[in-house]
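One structure is given here, and the rest of the page talks about it.
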Amino acid sequence: MDTKLIIDTDPGIDDAFAIALAALSAEVDLIGVTTVFGNVPLASTTVNARRLLQLCGRPDVPVAAGAERPLVHPQPFTAAYVHGSDGLSGKSGTLPEPTRELEPVDAVSLLVQLLEAADEPVTIAPIGPLTNIALLLAAHPHVRSKIGRIVIMGGGVTFGNTTPVAEFNIWSDPEAARRVLVEETVPCVLVPVDLTHRCAVDADWIAKLSATGPIGATLVGLTGSYQKHYPKALGRQAMVLHDTVAVAEAMSQGILRTETFPIDVDCGLGPSRGQTLVDRRPATAHEESPEVRSPGTVEVAVDTDLDGLRGFVLDGLSGSRR
C-alpha cells in the first residue's frame, strides 16, 4: 500500500530535490504540499513549490500557503545567502509556470481537509520551520489520530549550521519546534544535520543525476548557490541535500536508523536559541537525576547506509521507480 504523504516546505534547493523525489515516485501518494516562510519569504517558497510540481508533471497535487513568520519572535534573517534570493539560485523563473491555481485556503486548513479525508494514516514531512505543524496540532487536535508519523528535517545533536548549536529550521521558529517535538504525542522522527552532512553528494553523483534526463538536469541547474556555499562549509567538493534525506525516510520507513531520546528545544533569547537538546545519557542516569527532564521523546536518525541512501535518491530523481 502506498504511503500517503504531505510535505510542508520552504523551497529552497534541498527542498526542491525532496519535492521531486516524492512527486516522481510511484511508491508514495503525495496528497498535498504546504508552504511556509524559511529559506526565503513565503511568496517565493510558494511559487517555487508550485513550479517544482509542474516540472515533475504533478499539477494534481494541491498547494496551500501557510505561515509567513514565526509564532513569537521575528526570524532574524533568511537563508538567501545559501539558496539565492529566490530560493533556487536565481533560477526559479526558469521552471515551468504552474497550471493549477494555489488553493483558496491556508496551509493549516488544507492539512485538516487532507487528514480528515484520509482513510489511512498520513505521514507528514515538515522540511522547513515547524510553524504550520505547530498551528495544526494546537488548533485541530482531533487530527492527531490521522497522522502516522511526522518526519522532520531539523536540529543538530552535536552542532548547528546557522549558529554553533542551532540548525536553521529549528532556529527559525524554536517555539513552534518545541510545541511539536516536546509537547506533542504524535510520533516524530528528527533527521538532524549530523546525519544529513554525512549523506552529502559529490560531483560524480551530481553529474549522474544531470545525465538522467530533463528533470535531473533542471534540478542540477538549480544548485549554483549550493555548489558555491558547500565546499566552503564542508571543506571539500560536496553538496548536502538535507531535506531529501528526511523525505527518503518518510517514503521508505527504516532507510535511516533511529534511536529514541528525550529532547528539548532552547527557546531562550541567548546564544543557544534554537538548539535541540538531545539527552543521550543512559536511562539509568535519567532515573537518578534530580532535575526535571523534558517530557518530549523523539526518534532521532543517527545512521544510514550512505551509498544505499544516495542510490535511493538518485534512482528516485531519475524516475526509475515510477
Residue pairs meeting the criteria (Cβ under 8 Å; at least 6 apart or on separate chains; first touching a residue at least 24 places away in the same chain (Cβ under 8 Å) and within 18 Å of Thr223 (Cα to Cα), in segment 16-38; second part of a loop (DSSP other than H, G, I, E, B) and of a type in the set (Asp, Glu))
Gly38/Asp10
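Can you pull out every residue in segment 173-205 that is in a loop (DSSP other than H, G, I, E, B) and surrounded by 24 or more Cβ atoms within 10 Å (Cβ to Cβ)? Can you show your working first?
Within segment 173-205, the subset in a loop (DSSP other than H, G, I, E, B) is 173, 182-187, 192, 199-200, 202.
Hits for segment 173-205 are Asp173, Pro192.
Picking from Gln54, Gln75, Gln113, which residue would you name as being without any contact (Cβ under 8 Å) to a residue 12 or more places away in the chain and of a type outside the set (Gly, Ala, Ser)?
Values: Gln54 fails: without any contact (Cβ under 8 Å) to a residue 12 or more places away in the chain; Gln75 fails: without any contact (Cβ under 8 Å) to a residue 12 or more places away in the chain.
Exactly one residue qualifies, and that residue is Gln113.
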Determine, yes or no, whether Ala118 is free of Cβ contacts under 8 Å to residues at least 60 places away in the same chain, of a type in the set (A, V, I, L, M, F, W, C) and surrounded by fewer than 23 Cβ atoms within 10 Å (Cβ to Cβ).
no
Failed item, numbered, when Ala248 is tested on (1) surrounded by 17 or more Cβ atoms within 10 Å (Cβ to Cβ); (2) modelled with pLDDT of 95 or more; (3) not in a helix (DSSP H, G or I); (4) not aromatic (Phe, Trp, Tyr):
(3)
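Residues of segment 76-112 being part of a helix (DSSP H, G or I), among the hydrophobic types (A, V, I, L, M, F, W, C) and closer than 15 Å to Asp10 by Cβ, which ones? Give the steps one after another, and end with the answer.
Initially, segment 76-112 is screened for residues part of a helix (DSSP H, G or I), giving 80-83, 92-94, 107-112.
Then keep just the ones that are among the hydrophobic types (A, V, I, L, M, F, W, C); that gives 80, 82, 107-108, 110-112.
Of everything in segment 76-112, those that are part of a helix (DSSP H, G or I), among the hydrophobic types (A, V, I, L, M, F, W, C) and closer than 15 Å to Asp10 by Cβ turn out to be Ala80, Val82, Ala107.
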The residue that is farthest from Ile147 (Cα to Cα), considering only those in segment 166-201 that are out of contact with any helix residue (DSSP H, G or I) (no Cβ under 6 Å at 6 or more places or on another chain) and among the basic types (Lys, Arg), is Arg198
Please find, among Gly160, Gly213, the residue that is at pLDDT 95 or above and either basic (Lys, Arg) or more than 20 Å from the chain's Cα centre (by Cα) (or both).
Gly213
Can you find even one residue in segment 163-179 that is over 14 Å from the mean Cα position of the chain (by Cα) and more than 17 Å from Asp264 (Cβ to Cβ)?
yes
With criteria (1) part of a loop (DSSP other than H, G, I, E, B); (2) under 16 Å from Val108 (Cα atoms), Gly32 comes up short on (1)
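With respect to Asp2, determine if the residue is touching a residue at least 24 places away in the same chain (Cβ under 8 Å), buried (at least 24 other Cβ atoms within 10 Å of the Cβ), more than 15 Å from Leu95 (Cβ to Cβ) and among the acidic types (Asp, Glu). Can you show your working first?
On the way: touching a residue at least 24 places away in the same chain (Cβ under 8 Å): yes; buried (at least 24 other Cβ atoms within 10 Å of the Cβ): no; more than 15 Å from Leu95 (Cβ to Cβ): yes; among the acidic types (Asp, Glu): yes.
Spelling it out, it is not the case that Asp2 is touching a residue at least 24 places away in the same chain (Cβ under 8 Å), buried (at least 24 other Cβ atoms within 10 Å of the Cβ), more than 15 Å from Leu95 (Cβ to Cβ) and among the acidic types (Asp, Glu).
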For Ala301, all conditions in the list (1) closer than 21 Å to Glu175 by Cβ; (2) part of a strand (DSSP E or B); (3) modelled with pLDDT of 95 or more hold save one; what is the number of the exception?
(1)
Kindly indicate whether any position in segment 223-239 is surrounded by fewer than 19 Cβ atoms within 10 Å (Cβ to Cβ), among the hydroxyl-bearing types (Ser, Thr, Tyr), in a loop (DSSP other than H, G, I, E, B) and touching a residue at least 12 places away in the same chain (Cβ under 8 Å).
no
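Being of a type outside the set (S, T, N, Q), in contact (Cβ under 8 Å) with a residue 40 or more places away in the chain and buried (at least 20 other Cβ atoms within 10 Å of the Cβ): is that true of Ile150 here? Lay out the reasoning, then the answer.
Working: of a type outside the set (S, T, N, Q): yes; in contact (Cβ under 8 Å) with a residue 40 or more places away in the chain: no; buried (at least 20 other Cβ atoms within 10 Å of the Cβ): yes.
No.
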Could you list, in sequence order, all residues of segment 124-143 that are surrounded by 24 or more Cβ atoms within 10 Å (Cβ to Cβ) and either β-branched (Val, Ile, Thr) or part of a strand (DSSP E or B) (or both)?
Ile124, Ala125, Pro126, Ile127, Thr131, Ile133
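The values are calculated or read from the model by the stated rules, or taken from the named source; none is laboratory data. Just so it is clear, the model here is predicted, and its values are computed rather than measured. No Cβ is skipped: glycine too gets one built from the backbone with ideal geometry, and neighbour counts run over all protein chains shown.
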